[in-house]
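Have a look at the structure below, then the notes.
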Amino acid sequence: MTIPVASLVPGRVRGGIETDPAGPVAGRILLVPQERLVEVRQRPAGLLIVEPAPFSHPVIRWCSQEIPVGMLTAGQADQLRQGESVVLDTACGRLERVAPDQTVAPWSAPPAPVTGRPVTMRDGVRVELRASIGDVRGARRACQAGASAIGLVRTEYLQPPDAAQPSAGFYADEFARLLAAADSLPVHFRLLDLAPDKWPAWLPHSPGATDRGSRFGSRW
């Protein structure tokens with residue numbers, strides 16, 4: 001049986017369906033509603049998100065994890081069972097049930113455009129790729145993918161390993177590392193942007209808080 005999948009990140013991978021985001025998802029294809037993405041502690045081989053908001057903060061973060069990511073409706077998700085073996089092919093937009101020992105042809109990404117240069121579409125329209133990133137790895141991937149600029153660095157995701165409150169020195173070091181990784185690309189930094197689904201561990205949570213960017217900086 002083949003189920004159509006809306007692709008967020010192209011790729012191809014085989015694995016068993018895992019429906020518990022807090023379970024052993026490594027090497028498996030995680031099937032999960034968006035609101036439970038916060039429970040995931042391991043990186044799965046592939047990710048199927050049930051009826052997500054594609055440009056929401058949790059989904060954007062998972063699209064940077066270098067795994068195939070697709071979207072399903074709730075009705076499509078109901079057709080899948082825990083543990084069954086499938087091939088997730090987000091390059092072609094489909095999910096297929098297969099035998100556990102069936103081999104899968106490897107998938108190769110198409111050649112990336114030359115970094116810093118626009119891509120010309122078949123109809124002659126020139127398109128520039130601009131990246132939204134949250135760390136140094138994202139800056140490197142933007143260069144590898146042929147981005148012409150890093151349109152947004154989400155600085156709220158830059159946090160010390162010990163979850164302590166970031167200092168000015170920490171941000172200076174992280175910004176320098178990002179700029180070095182971005183090479184010659186233009187880089188735009190956004191000030192700390194707070195939201196309930198990406199609240200930093202070092203900041204006491206205030207339900208309904210809406211402080212953002214420079215407003216936050218002026219108070220702290």
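The values are calculated or read from the model by the stated rules, or taken from the named source; none is laboratory data. The structure displayed is predicted, hence computed values, not measured ones. Quick reminder, even Gly has a Cβ in these numbers, built from the backbone with ideal geometry, and neighbours come from all protein chains shown.
Can you tell me which of GLY11, GLY23, GLY93, GLY27 is out of contact with any Cys (no Cβ under 6 Å at 6 or more places or on another chain), under 29 Å from ARG154 (Cβ atoms) and either buried (at least 17 other Cβ atoms within 10 Å of the Cβ) or assigned by TED's automatic domain parsing to the domain that holds ALA195 (or both)? Steps first, answer last, please.
On the way: GLY23 fails: either buried (at least 17 other Cβ atoms within 10 Å of the Cβ) or assigned by TED's automatic domain parsing to the domain that holds ALA195 (or both); GLY93 fails: either buried (at least 17 other Cβ atoms within 10 Å of the Cβ) or assigned by TED's automatic domain parsing to the domain that holds ALA195 (or both); GLY27 fails: either buried (at least 17 other Cβ atoms within 10 Å of the Cβ) or assigned by TED's automatic domain parsing to the domain that holds ALA195 (or both).
Result: GLY11 is the single residue among GLY11, GLY23, GLY93, GLY27 that is out of contact with any Cys (no Cβ under 6 Å at 6 or more places or on another chain), under 29 Å from ARG154 (Cβ atoms) and either buried (at least 17 other Cβ atoms within 10 Å of the Cβ) or assigned by TED's automatic domain parsing to the domain that holds ALA195 (or both).
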(message) I need the full set of residues from the range 134-169 which are in contact with a strand residue (DSSP E or B) (Cβ under 6 Å, 6 or more places away or on another chain) and either closer than 12 Å to SER64 by Cα or among the aliphatic types (A, V, I, L, M) (or both), in order please.
(response) GLY134, ALA139, ALA142, ALA147, ALA149, ILE150, LEU152, VAL153
(message) Name the single residue that is farthest from ASP183 (Cα to Cα) among those in the range 100-131 being of a type outside the set (A, V, I, L, M), loosely packed, with under 10 Cβ neighbours inside 10 Å and more than 23 Å from the chain's Cα centre (by Cα).
(response) ASP101
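Which of the residues spanning the range 132-174 are hydrophobic (A, V, I, L, M, F, W, C), surrounded by fewer than 16 Cβ atoms within 10 Å (Cβ to Cβ) and assigned to a helix (DSSP H, G or I)?
Our first condition is that a residue be hydrophobic (A, V, I, L, M, F, W, C); within the range 132-174, this holds for 133, 136, 139, 142-143, 145, 147, 149-150, 152-153, 158, 163-164, 168, 170, 172.
Narrowing further to those that are surrounded by fewer than 16 Cβ atoms within 10 Å (Cβ to Cβ): 145, 163-164, 168, 170, 172.
Across the range 132-174, the qualifying residues are ALA168, PHE170, ALA172.
Being among the aliphatic types (A, V, I, L, M) and at pLDDT 90 or above is the requirement here; does ALA172 meet it? Steps first, please.
Values: among the aliphatic types (A, V, I, L, M): yes; at pLDDT 90 or above: yes.
Yes.
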(request) Determine whether the range 71-89 contains at least one residue that is surrounded by 18 or more Cβ atoms within 10 Å (Cβ to Cβ), outside the structural domain of GLY138 (by TED's automatic domain parsing) and in contact with a helix residue (DSSP H, G or I) (Cβ under 7 Å, 6 or more places away or on another chain). (result) no
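For the range 92-104, enumerate the residues that are closer than 18 Å to GLY70 by Cβ and of a type in the set (A, V, I, L, M, F, W, C).
Keep residues of the range 92-104 that are closer than 18 Å to GLY70 by Cβ, which gives 92-98, 104.
Residues satisfying the conditions are CYS92, LEU95, VAL98, VAL104.
Table: residues versus (1) over 20 Å from VAL104 (Cβ atoms); (2) in contact with a Lys or Arg (Cβ under 9 Å, 6 or more places away or on another chain); (3) of a type outside the set (A, V, I, L, M, F, W, C); (4) modelled with pLDDT under 95.
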position	(1), (2), (3), (4)
THR2	no, yes, yes, yes
ALA6	yes, no, no, no
VAL9	no, no, no, yes
ILE17	no, yes, no, no
PRO44	no, yes, yes, no
ILE49	yes, no, no, no
LEU72	no, no, no, no
ALA91	no, yes, no, yes
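Restricting attention to the range 60-71, does a residue exist that is free of Cβ contacts under 8 Å to residues at least 12 places away in the same chain, aromatic (Phe, Trp, Tyr) and closer than 30 Å to TRP199 by Cβ?
no
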